[in-house]
1. Select from the range 62-83 the residues that are of a type outside the set (S, T, N, Q), at pLDDT below 75 and under 30 Å from ILE156 (Cβ atoms) and list them in ascending order.
2. Please find, within the range 152-191, the residue that is modelled with the lowest pLDDT out of those that are of a type in the set (A, V, I, L, M, F, W, C) and not in a helix (DSSP H, G or I).
3. Which condition number in (1) surrounded by 17 or more Cβ atoms within 10 Å (Cβ to Cβ); (2) more than 24 Å from LEU290 (Cβ to Cβ) is the one that SER198 fails?
4. In the range 148-198, which residues are among the basic types (Lys, Arg) and touching a residue at least 12 places away in the same chain (Cβ under 8 Å)?
5. Report, by residue number, each residue of the range 315-327 that is surrounded by 15 or more Cβ atoms within 10 Å (Cβ to Cβ), out of contact with any Lys or Arg (no Cβ under 8 Å at 6 or more places or on another chain) and of a type outside the set (Lys, Arg).
6. Being acidic (Asp, Glu) and out of contact with any strand residue (DSSP E or B) (no Cβ under 9 Å at 6 or more places or on another chain) narrows it down to one residue among ASP209, ASP242, ASP218, ASP153; which is it?
7. Scan the range 268-284 residue by residue and report those that are more than 28 Å from the chain's Cα centre (by Cα) and surrounded by 11 or more Cβ atoms within 10 Å (Cβ to Cβ).
8. Can you tell me which condition ALA214 does not meet? The list is (1) crowded, with 18+ Cβ neighbours inside 10 Å; (2) farther than 30 Å from TRP299 by Cβ; (3) of a type outside the set (Lys, Arg); (4) in contact with a Phe, Trp or Tyr (Cβ under 6 Å, 6 or more places away or on another chain), and all the others hold.
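The values are calculated or read from the model by the stated rules, or taken from the named source; none is laboratory data. Not measured: the values here are computed from a predicted model. Using ideal geometry, Cβ is built from the backbone for each residue, glycine included, and neighbour counts are taken over all protein chains shown.
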Amino acid sequence: MSMSKAQDLIRLARLAASRRLGISLDEICAEFDVSHRTAQRMTEALETVFTGVTWRDGADRRRRWRVADPLLDRLKPREETAIEALEIAGRAAHGEGRVRHARALSDLREGLLSRLAPKDALRTEADAEAILTAMGSVTKPGPRVNLKPMVLDAIIEALRGPFRLRLQYGEPDTPERIIEPHGLLLGHRSYLVARQPSRGETILNFRTDRINAAEALDESFAMAEGFSLEDYAAQSFGVFQDPAQYGEVVWRFAPEAAARAAEFRFHPSQVLETEDDGSLIVRFHAAGWLEMTWHLYQWGDKVEVLAPEELRSMVGGHRRSDFGALP
């Protein structure tokens, strides 16, 4: 067996041991990017090499393999990549003001380092720092809105419940309000998605940078029936929501920009159409015309808004031809 196949087999065994229901052939194909036949051979090798391998057919008629081998815990994979990932995630969390998450990720990282021999720990830390510097993830330039760590901590605590949240929002003399948080949309400007009982059942957005103080209350509540943060977020182009603006959006990219535009995922629901002249039509349904104009400006005169008319009017007069590069 080659070294790479041995590594894959150990990883498969650990996945089969850690997942409560085990792992199926389709999941093996996805995890290891292999064919269905190769996945079958991997399960055969799993049953040959490890003890305590069992399988059962679930209600979905898919077979899943589980491993309960006492020797498996002795097979510790190298931790360099995991430590790099935890360091990247921890610094990102710290940069966003998510102090609680940054501390938890740091604790996990320290735990992995403590399991290494001193010389291996020093080498791993040096390698991780080199990767982080090369990736530019530590000192990423660009404007961002500073968020208050204490506010984010309170929001996260409330979302975990879920618990109601007391806010001091907007101007300092604005009366406090009680809201029921449903999610957090993170972006260049972040929003807390919540329902405010005093204003009915409508789901509202609160800019997190305008929350001056927040406190999670010991009051649970029932989430809005059928609410999905993913579906809610998909109604907007960025993070801003406005039901009055929701509708079909159609952009036409010039032939010379079509190939570049085709590399973008402007929206999860987008549909692309190539025209006979080589131009590219992009269609999707979303709201947030202002955020769309911010993005469209980067394309200069290489993009034309076909719909809606209100967005077309906002972009009109601001399409430049002297930009030296496409986004």
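1. The answer is GLU79, GLU80.
2. Ranking the candidates gives LEU186 first.
3. Against the list (1) surrounded by 17 or more Cβ atoms within 10 Å (Cβ to Cβ); (2) more than 24 Å from LEU290 (Cβ to Cβ), SER198 comes up short only on (1).
4. LYS148, ARG164, ARG166, ARG177, ARG189, ARG195, listed by residue number.
5. Result: VAL315, single match.
6. Exactly one residue qualifies, and that residue is ASP209.
7. Within the range 268-284, THR274, GLU275, GLY278, SER279 qualify.
8. It is condition (4) that ALA214 fails.
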